[in-house]
Amino acid sequence: MTKKALDPERKAESDKLKAIFNSKKRDLGLTQEKLAHALDMNQSSVSHYLNGVNPLNAPVAAEFSKILDVPVEDFSPRLAQQMIEMMGFVTDLRAKASVKRLVDDDFRDITSNASELADIDEWDEKSPLRDDEVEVPFLREVELAAGTGRFVIQEDVGESLRFKKKNLRENNVQFGHAKCVTVRGNSMMPVLRDGATVGVDLGKTALGDIIDGDLYAINHNGQLRVKQLFRLPQGIRLRSFNRDDHPDEEYSFSQMQDEQIAILGHVFWWGMYAR
């Protein structure tokens, strides 16, 4: 099955990155093979990023930036802005009783012109959905029986966020496949803090759907985890951003069965409080 071609903006990002690599590889003593080794991924994945087969994402762009010694903004202003937001300038869309209507377009309105803040409409669980919105529920770990220590992942009927239908369509997320997950712990610091919220596309669960370096929600024997995923010849690698405290985990296909590891879906959005 042929992959869908990237949109012009993301293809242009890959083209700019490839041009930077070609212009600097001699001075830096790099080949695609050496670049792949430095990025800790296979050469095929590097080629896919440089040639616009796979879209660049913020974590991968940061690694390319560090190795090629160029700011991310030189090849992707979009991801550079996204990385600023991830470092703490994004307002978390999840609230306890009342949630602010700051989804995607509204936030871009604010950041594009800080001197002209858009009005914020408050809503709660009793507020009716707008025609251009969809309500996205949360997933959570639920203990099967007291004292067993075993969990399953179920939908939390008590919590949800609202997203614009247009933005889900633009990210190729079917409305019924969108769920939200809360990140716990420090393993994804500094990109995702404890308590950060991520949007997950449950329509992308196959090993063949994995784009190396992208974020995915995982069911690990009832534990809800968010990790970078990489495909290996005989299995998968789970990676945390905080690799000092949380080293890579590699699982063969048989170990995935034994450990009951399943991909819940691809992370298409995230947000958190600045603190």
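The values are calculated or read from the model by the stated rules, or taken from the named source; none is laboratory data. Source: prediction; values computed, not measured. Cβ coordinates were reconstructed from backbone atoms using ideal geometry, including for glycine residues, and neighbour counts include every protein chain displayed.
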Given the criteria in a strand (DSSP E or B) and buried (at least 17 other Cβ atoms within 10 Å of the Cβ), does Arg225 qualify?
yes
Would you check if Leu232 is crowded, with 20+ Cβ neighbours inside 10 Å, at pLDDT 90 or above, more than 20 Å from Glu159 (Cα to Cα) and touching a strand residue (DSSP E or B) at 6+ places or on another chain (Cβ under 7 Å)?
no
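Identify all residues within segment 242-275 that are of a type outside the set (D, E, K, R) and more than 26 Å from His177 (Cα to Cα); write none if there are none.
Taking segment 242-275 as the starting set, the residues that turn out to be of a type outside the set (D, E, K, R) are 242, 246-247, 251-257, 260-274.
Hits for segment 242-275 are Asn242, His246, Pro247, Tyr251, Ser252, Ser254, Gln255, Ala274.
Under the condition of being of a type in the set (Gly, Ala, Ser) and within 14 Å of Thr205 (Cβ to Cβ), which residue from segment 258-274 is nearest to the chain's Cα centre (by Cα)? Explain how you work it out, then say what you get.
Within segment 258-274, the first condition is being of a type in the set (Gly, Ala, Ser), and the residues that meet it are 262, 265, 271, 274.
Going one step further and asking which of them are within 14 Å of Thr205 (Cβ to Cβ), we end up with 262, 265.
Numbers: Ala262: 17, Gly265: 10 Å.
Top of the filtered list is Gly265.
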In segment 37-73, the residues that are within 15 Å of Phe241 (Cβ to Cβ) and among the β-branched types (Val, Ile, Thr):
Val60
In segment 166-219, what count of residues is obtained for those that are in a helix (DSSP H, G or I), among the charged types (D, E, K, R) and within 18 Å of Ala262 (Cβ to Cβ)?
1
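When you scan segment 239-246, do you find a residue that is of a type in the set (Lys, Arg), over 19 Å from Glu141 (Cβ atoms) and crowded, with 18+ Cβ neighbours inside 10 Å, even just one?
Within segment 239-246, the subset of a type in the set (Lys, Arg) is 239, 243.
Okay, now just the ones that are also over 19 Å from Glu141 (Cβ atoms), so 239, 243.
Applying the additional criterion that residues be crowded, with 18+ Cβ neighbours inside 10 Å yields 239.
Looking for residues that are of a type in the set (Lys, Arg), over 19 Å from Glu141 (Cβ atoms) and crowded, with 18+ Cβ neighbours inside 10 Å, one finds at least one in segment 239-246, hence yes.
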Any residue at all in segment 268-275 that's among the hydroxyl-bearing types (Ser, Thr, Tyr) and at pLDDT below 90?
yes
Residue list for segment 128-150, restricted to those being at pLDDT 70 or above, basic (Lys, Arg) and not in a strand (DSSP E or B)
Arg130
Pairs, first farther than 17 Å from Asn242 by Cα in segment 177-203, second of a type in the set (Ser, Thr, Tyr) and in a helix (DSSP H, G or I), C-beta under 9 Å, six or more apart:
none
Out of all the residues in segment 28-47, which are outside any loop (DSSP other than H, G, I, E, B) and touching a residue at least 24 places away in the same chain (Cβ under 8 Å)?
Leu28, Leu35, Ala38, Leu39, Ser45
